[in-house]
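To keep things clear, I will list the structure first and then write my remarks on it.
A short reminder: the numbers here are calculations on the coordinates, not readings from a lab. Remember, predicted model here, so these are calculated numbers, not experimental data. For neighbour counting, all protein chains shown are included, and Cβ atoms are generated from backbone atoms with ideal geometry for every residue, glycine included.
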């Protein structure tokens, strides 16, 4: 199925999710560096990259939700619903984490919450990969609509022959 949230055939949601994923992972790395070196710069960077990831996630959610509404396959809809629920959970947990950090806490549990967010993000990312690479969401055809040889992963031969010219040609 082709996604309605695309530019010239390129789906927007998979392009945009790299922003929050990268920022949230980097935020967690900054947290770990803060724990290791106790340099307040890492704590500040962790906060702002966490916040930037939150903004990026809200932006990526718009085309993601448009994709979700266009799903017709029951299996894809179930996987996408779980993917959506996990992503909304991450956004809520990160918002809470930002609020706690903004109000200044001396404990390291916001760092643990960031680690939990990354763990949930891994599961959600797996489901997103399932939607795109297995179920064919955002491609022009789904795995069920592909020709059987394409769905099985078969490749076309590299050479072709014609009756007029019996020698193989490379494509």
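General remarks:
- Among 48, 37, a tally of other beta-carbon atoms within 10 Å of each Cβ gives an order, fewest to most, of 37, 48.
- Packing-based exposure ordering (other Cβ within 10 Å, fewest first) of 54, 38, 106, 43: 106, 38, 43, 54
- Backbone N within segment 82-100 under 17 Å of label point (7 Å from residue 58 Cα along the Cβ vector): 87-100
- Multiplying the residue separation of residue 18 and residue 126 by 0.36 nm and removing their Cα-Cα distance gives an extension gain of 37.5 nm.
- Taking 0.36 nm per residue of separation and subtracting the Cα-Cα distance, full extension of the segment from residue 134 to residue 106 would add 5.6 nm.
- Quotient of C-alpha Rg and 2.2 N^0.38 Å, computed over segment 37-79: 1.87
- In Å, descending, principal axis extents of the Cα set of segment 6-142: 51, 27, 22
- Pairwise centroid distance, computed over Cα atoms, of segment 12-43 with segment 54-80, Å: 24
- Sorted by Cβ neighbour density within 10 Å, fewest at the top, the residues 79, 55: 55, 79
- Potential lengthening of the chain between residue 78 and residue 66 amounts to 2.8 nm, from the contour at 0.36 nm per residue minus the alpha-carbon distance.
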